[in-house]
Amino acid sequence: MLRAIEEHLGSAQVSRVIYGAIIGMALVVVLEHQHPTAGVVAATLVATGLAVALAEAYSEVIGTQTRLRRKLARHHVREIVEDVGAVFFGVVFPDVLFVLAALDWIDIDTAFTLAKWTGLGLIAIYGFAAGRLSGSSFRSALLQALAVAAIGGALIAFKALVH
């Protein structure tokens with residue numbers, strides 16, 4: 001398990017998961033005040049994840065073909081699929097909570113609360129890992145994690161003030 005985490009943290013997918021997680025968290029924050037059903041939130045997260053992933057795939061294919069000035073090789077397609085999968089995962093990360101709410105295993109308000117804070121936690125953990133893996137001290141890495149978490153926290157706070 002540690003080896004898989006270490007490999008993941010050394011991959012290009014880290015930035016893609018974070019990108020997707022920020023999109024997912026922003027969507028959750030917006031949807032919370034519209035009072036949709038848990039099933040609607042779950043479906044919206046999946047649909048958004050697919051839309052963003054497809055847009056990412058299209059832009060990467062076109063960008064890579066333009067840069068290389070030739071058709072894509074299999075290894076390019078594989079890399080693009082991995083990147084797109086990471087973005088999709090980041091967007092739909094909180095989806096399991098809304099599926100649980102749709103099944104009446106947890107309350108939808110609890111699902112929204114957990115979705116916001118687990119998304120924030122995911123972003124902060126990546127920030128801490130980036131700090132430590134780049135050679136920063138524990139304290140410096142913690143400050144980096146808090147800084148990136150503050151960005152997500154500001155999004156949550158802003159939406160709370162607006163609604």
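General observations
Every residue, every condition in (1) at pLDDT 95 or above; (2) not hydrophobic (A, V, I, L, M, F, W, C), yes or no:
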position	(1), (2)
Leu68	no, no
Ala73	no, no
Val77	no, no
Glu82	no, yes
Ala86	no, no
Gly90	no, yes
Phe93	no, no
Leu97	yes, no
Ile108	yes, no
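- Selection within the range 118-163 - part of a helix (DSSP H, G or I) and closer than 19 Å to Pro36 by Cα: Ile156, Lys159, Ala160, Val162
- From the options Phe112, Phe138, Phe93, Phe98, residue that is more than 30 Å from Ala47 (Cα to Cα) and among the aromatic types (Phe, Trp, Tyr): Phe138
- Residue count, the range 87-110 (criterion: farther than 19 Å from Ile22 by Cα and surrounded by fewer than 23 Cβ atoms within 10 Å (Cβ to Cβ)): 11
- Residues of the range 131-142 that turn out to be of a type in the set (A, V, I, L, M) and exposed (fewer than 15 other Cβ atoms within 10 Å of the Cβ), as a count: 1
- A residue that is farther than 20 Å from Ile156 by Cβ and in a loop (DSSP other than H, G, I, E, B) occurs somewhere in the range 73-94.
- Residue in the range 32-44 that is within 11 Å of the chain's Cα centre (by Cα) and of a type in the set (Val, Ile, Thr) present: no
- Within the range 35-81, tally of residues that are farther than 19 Å from Gly24 by Cα, touching a helix residue (DSSP H, G or I) at 6+ places or on another chain (Cβ under 7 Å) and hydroxyl-bearing (Ser, Thr, Tyr): 1
- Criterion applied to Val41, Val17, Val28 was being assigned to a helix (DSSP H, G or I), in contact with a Lys or Arg (Cβ under 8 Å, 6 or more places away or on another chain), among the hydrophobic types (A, V, I, L, M, F, W, C) and within 25 Å of Ala157 (Cβ to Cβ), and the one residue passing it is Val28.
- Test for Ala157: is it closer than 19 Å to Leu31 by Cβ, without any contact (Cβ under 8 Å) to a residue 60 or more places away in the chain and surrounded by fewer than 20 Cβ atoms within 10 Å (Cβ to Cβ): yes
- Of all residues in the range 25-44, those being touching a Pro at 6+ places or on another chain (Cβ under 8 Å) and more than 21 Å from Leu103 (Cα to Cα) number 1.
The values are calculated or read from the model by the stated rules, or taken from the named source; none is laboratory data. Computed from a predicted structure; not experimentally measured. With ideal geometry, Cβ positions are generated from the backbone for all residues, glycine too; neighbour counts draw on all protein chains shown.
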